[in-house]
1. Let me confirm something: among Phe113, Phe99, which residue is assigned by TED's automatic domain parsing to the domain that holds Leu29, under 25 Å from Thr3 (Cβ atoms) and either in contact with an Asp or Glu (Cβ under 6 Å, 6 or more places away or on another chain) or free of Cβ contacts under 8 Å to residues at least 24 places away in the same chain (or both)?
2. Quick one: would you say Leu212 is more than 30 Å from Phe28 (Cβ to Cβ), surrounded by 17 or more Cβ atoms within 10 Å (Cβ to Cβ) and not assigned by TED's automatic domain parsing to the domain that holds Arg127?
3. Within region 257-285, track down each residue that is in contact with a Leu (Cβ under 7 Å, 6 or more places away or on another chain) and surrounded by fewer than 19 Cβ atoms within 10 Å (Cβ to Cβ).
4. Out of Thr101, Thr140, I need the residue that is in a loop (DSSP other than H, G, I, E, B), among the polar types (S, T, N, Q), closer than 22 Å to Ala160 by Cα and at pLDDT 95 or above. Which one?
5. Looking only at region 203-261, which residues are touching a Ser or Thr at 6+ places or on another chain (Cβ under 9 Å) and either of a type in the set (A, V, I, L, M, F, W, C) or closer than 22 Å to Val173 by Cα (or both)?
6. Looking only at region 142-179, which residues are on the phi > 0 side of the Ramachandran plot and touching a residue at least 24 places away in the same chain (Cβ under 8 Å)?
7. Which condition from (1) in a helix (DSSP H, G or I); (2) in contact with a Pro (Cβ under 8 Å, 6 or more places away or on another chain) is the one that Ile158 breaks?
8. Where in region 209-290 are the strands (runs of 3 or more DSSP E), entirely inside, with at least 1 residues that are touching an Asp or Glu at 6+ places or on another chain (Cβ under 8 Å), on the phi < 0 side of the Ramachandran plot and not charged (D, E, K, R)?
Amino acid sequence: MLTVIPDLHADPARLSASFAQAGPEIAFLGDFIDGGTGADDAAVLREVRGRIDAGRAIGVMGNHELNAILFHRRGADGQPLRERSQKNIAQHRSFLSAFGTETPEALDWTEWFLRTLPLWHERPGLRLVHAFWSDPLIATIRARRPDGFLQHGDLPEIAAESTEFSRAVKLLVSGPEVRLPGSHGFADIKGNLRRDVRVAWWRAGARSWKELALSVPDPSALPAGDPGANLADILYPGDGPCVLFGHYKMAPPLRIDHDRAACLDYPAAPCLYRWDGEDRLGPEQLLALL
């Protein structure tokens, strides 16, 4: 049995509750850091690192780990690889409070992320990734990094997002967005007009934009019709191996949207998944923590 634990975001209570229900082998889906009220990045990272370094757990890289690696490193021009804007500082605040900016401690932890966390994990019957499994994108990365581990030399390219390799890396940890057809758009939670929408790439059987679009406050703004032709290269195949991922901040109730692909990130209803070799994901394996 493999216990799969999604995004912790520096929440020691969620980590303790996860360990209380976990079996002997654990997999983490990334985003260990950068939490809100009550966050303790140092405590969560020490626990996670202890288990991974002892060979009792594995993990994959989340977008927050990748962002942290870039935030605390500089390019050839001497500028940080991730802009230290107010927005980016706010997202990274709890890590910065614990370790500072570009300090030896911050560099040590982000070096551990780079050295220890691959972009994906795959074993017979199961795939793990933080935000998006795409065979073509993974093939692009494998051509350079067969084991899925990034190297220091990749970082300036990833920061620039200017190549197929860099875009593939960003999509695996951040997920895909697609342009709505025609002149369609929607207002996000801040009232900004958007034409690109985040999609639930794992809902292979969906037949409408309302079923596939994520983070749209007013779904009535979405176009009618079947978006399948627009998303043929994105939707996960219905006969693919099981894949588990986090990232999307799903709203309760807990559910398995598709029996081959499931998001485990429910911040308001933390959970984990106990995979026992089954070739179809089942709700009985999805365990609420609280």
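The values are calculated or read from the model by the stated rules, or taken from the named source; none is laboratory data. In this text the structure is predicted, and so the values were computed from the model without any measurement. Heads up, the Cβs are rebuilt from the backbone with ideal geometry, glycines too, and the neighbour counts pull from every protein chain shown.
1. After applying the criteria, what remains is Phe113.
2. So Leu212 fails the test.
3. The answer is Asp259, Ala269, Arg274.
4. Criteria check complete, one pass: Thr101.
5. Leu222, Ala224, Asp233, Ile234, Tyr236, His247, Tyr248, Lys249 - these are the residues of region 203-261 that are touching a Ser or Thr at 6+ places or on another chain (Cβ under 9 Å) and either of a type in the set (A, V, I, L, M, F, W, C) or closer than 22 Å to Val173 by Cα (or both).
6. Gly148, Gly175
7. Only one criterion in (1) in a helix (DSSP H, G or I); (2) in contact with a Pro (Cβ under 8 Å, 6 or more places away or on another chain) is unmet by Ile158, namely (2).
8. In region 209-290, 242-245, 261-263 are the strands (runs of 3 or more DSSP E) which contain 1 or more residues that are touching an Asp or Glu at 6+ places or on another chain (Cβ under 8 Å), on the phi < 0 side of the Ramachandran plot and not charged (D, E, K, R).
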